[in-house]
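Q: I have a structure I would like to understand better, so I am pasting it below and will then ask my questions one at a time.
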Amino acid sequence: MANATAEAHTEWTVERVRSLGVRTDLRTACRVIGIGETVGYRMAKNGTFPVRLIKVGRNYVVPVARLLDLLGIEAPAA
């Protein structure tokens, strides 16, 4: 539990967001953009999450490129 709490309060640098790879989960996306997990899941359910989500079974997948766009961070060159 202490590790989860420390992770929730970690600073999200540009490098750290980029290091997430191509996709991440909704919980991580909420932390990156600074919204609570409960609010984030509610927004996902009603279609108002600030970036496009992909629903896979019961889970949400968040494209990291969309997070970068939202944060005004240029995606790394391929």
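Values quoted throughout were computed directly from the atomic coordinates according to the rules given, and no laboratory measurement underlies them. These numbers were taken from a predicted model, which means no experiment stands behind them. No Cβ is skipped: glycine too gets one built from the backbone with ideal geometry, and neighbour counts run over all protein chains shown.
Q: What is the calculated FRET efficiency for residue 73 to residue 41, with r their C-beta to C-beta distance and R₀ = 35 Å, to the nearest 0.05? Don't jump to the answer; show the numbers that get you there.
A: Numbers: r = 24 Å, r/R0 = 0.69.
The calculated FRET efficiency here is 0.90.
Q: Using only the C-alpha atoms of the stretch 13-66, find the volume of their convex hull and express it per residue in Å³. Write out the running numbers ahead of the final one.
A: Values: hull volume 3.7 nm³, N = 54.
Expressed per residue, the convex hull around the Cα atoms of the stretch 13-66 is 69 Å³.
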